[in-house]
Amino acid sequence: MYSNRRGFLRWLALGFGALMGLLPALARRRFDRALAQGAPASPKAAELQFVKVATVADLEKGPFKVENAFGDNTATLWLVKDPKKANSVLALDATCPHAGCEVEWRGKNFVCSCHGSAFAADGSRTRGPADADLTAYKVKVEKGEIFVART
């Protein structure tokens, strides 16, 4: 088959090249199978499912905490009026991005009681050690009811 080291390396390179040529075809086959089974082409292609979590009246006294917003053992959210847009609501994950502790509303901002991270009313980080903002969910308000997109 091969008579020297150079011949061996040539066959090895051809074999590796053939394998690399097959990888896109195998990936495409898996993708096609997922589509046939009803999976969306990508996560963004899936239609968002909104769940009613509260009413606008719940926000009259300030931010409103919703535990298990999407059912048992799911996210805890803070609903707050958007300080940058009138008549708009924000839904923020109550989990601090630093270490996973829960943030609480303290007057004008959210504070993590574990390590002292602070976040503005819109969820943007104002003090560390957290290095990211609170996660925001898509929200829609219809007829006084607040709906949040499940992710």
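The values are calculated or read from the model by the stated rules, or taken from the named source; none is laboratory data. Model, not experiment: these values are computed from the prediction. Reconstructed Cβ throughout: ideal geometry from the backbone, glycine too, with neighbour counts over all protein chains shown.
Values for this structure:
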quantity	calculated
Residue within the range 76-83 that is more than 20 Å from GLU60 (Cβ to Cβ), crowded, with 16+ Cβ neighbours inside 10 Å, in the same structural domain as LEU59 (by TED's automatic domain parsing) and without any contact (Cβ under 8 Å) to a residue 40 or more places away in the chain present	no
Among (1) surrounded by 12 or more Cβ atoms within 10 Å (Cβ to Cβ); (2) out of contact with any Leu (no Cβ under 8 Å at 6 or more places or on another chain); (3) modelled with pLDDT of 80 or more; (4) in a helix (DSSP H, G or I), the one test that PHE50 misses	(4)
Filter result (part of a loop (DSSP other than H, G, I, E, B) and within 21 Å of the chain's Cα centre (by Cα)) within the range 82-97	ASP82, SER88, ALA94, CYS96, PRO97
Complete set of residues in the range 108-148 that are more than 13 Å from LEU92 (Cβ to Cβ) and of a type in the set (Phe, Trp, Tyr)	PHE147
Matching option when the condition is closer than 22 Å to ARG106 by Cβ and at pLDDT 80 or above, among VAL89, VAL56	VAL89
